[in-house]
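**Q** Sending over a structure as structure tokens; questions will come in a sec.
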Amino acid sequence: MELAYYSDYAVRLVNSEDPARGKDSLTSVEAVRDLFGVSQEAGRRATDADVTRFRSVRARLRAVFEAADQGDEALAVNLLNSLLLEFPVSPQISGHDFRDDDGRPLWHMHLADHPSNATAGYAAIAAMGLAFHLTEYGVDRLGLCEAAPCRNAYLDTSTNRSRRYCSDRCATRANVAAYRARKRLEADRSASSGRTAESAQRASANGER
């Protein structure tokens, strides 16, 4: 499993809440377990107590994205470092589940956690994955969607650092809104120019009399 994969853990957790709309999908043990995705075995450790703990970690991860989005690199790094210190992991070489054509293991790096609860395990992997992404691509590759009111987190992996939205849907919505705004501005300018021309004509006519 590539280490970059783990950064998605952070995005999934942060985006389980939509603060602008007052929505929160992290309301049950089942929701916590769903966040683990393919790692269902790790998710089975979750209990009711993890719902509250997951929300606390979510707020701290969102703070990392917010600091990065505001251009405060030092704060983003400090916030992430505090999570790494609190929720450590052990890198290990693994070959499970992945085989080449000859049936030999495809060795890859795996982050092994040794948690006391499901939250600690998830937080360790999410923080480490985000740290790998940040150091590999830069703090400015951590973003929050610019399509208001959406503020979902995303990881920019574009070649030209051009990503601004969390999804194609939000990008399309923002482009349509910008297009309509330009049309309104053009219409207002046209109407203003028309009124100015009419005023000039009236002034000229009055002068001739």
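The values are calculated or read from the model by the stated rules, or taken from the named source; none is laboratory data. In this text the structure is predicted, and so the values were computed from the model without any measurement. Cβ sites come from the backbone with ideal geometry, for glycine too, and all protein chains shown count toward neighbours. With ligands, DNA and RNA removed, areas are computed over all heavy atoms of the protein, side chains included. Shrake-Rupley method; radii C 1.70, N 1.55, O 1.52, S 1.80 Å.
**Q** Pulled fully out, how much extra length does the chain show between Asp8 and Thr135, if you take 0.36 nm times their separation in residues and subtract their Cα-Cα distance?
**A** 44.2 nm
**Q** Right, something else. What's the carbon and sulfur percent of the range 102-174's accessible surface, probe 1.4 angstrom, rounded to a whole number?
**A** Roughly 50 percent of what the probe reaches on the range 102-174 is carbon or sulfur.
**Q** Let me ask you something else. Between Ser56 and Ser28, what length in nm is gained on full extension when 0.36 nm per residue of separation is reduced by their alpha carbon distance?
**A** My answer for the length gained is 8.6 nm.
**Q** Tell me the per residue accessible area of the range 118-185 using a 1.4 Å probe; a whole number in Å² is fine.
**A** Value returned for the range 118-185: 52 Å² of accessible area per residue.
**Q** Whole angstrom only: what separates the Cα centroid of the range 1-74 from the Cα centroid of the range 138-180?
**A** The range 1-74 and the range 138-180 have Cα centres separated by 19 Å.
**Q** What are the semi-axes of the equivalent ellipsoid for the range 104-161, taken as the square roots of 5 times the Cα gyration tensor eigenvalues, largest first, in whole Å?
**A** 27, 18, 10
**Q** Quickly work out the His108-to-Ser82 label distance, labels modelled 7 Å from Cα along the C-beta direction, and quote it in nm with one decimal.
**A** 3.3
**Q** For the range 1-90, which whole-number percentage of the solvent-accessible area (1.4 Å probe, protein heavy atoms only) is attributable to carbon and sulfur atoms?
**A** Result for the range 1-90: 50 percent of the exposed heavy-atom area is carbon or sulfur.
**Q** Suppose the chain between Lys183 and Asp72 were pulled fully straight at 0.36 nm per residue; how much longer would it get relative to their current alpha carbon spacing?
**A** The span from Lys183 to Asp72 would gain 36.4 nm if fully extended.
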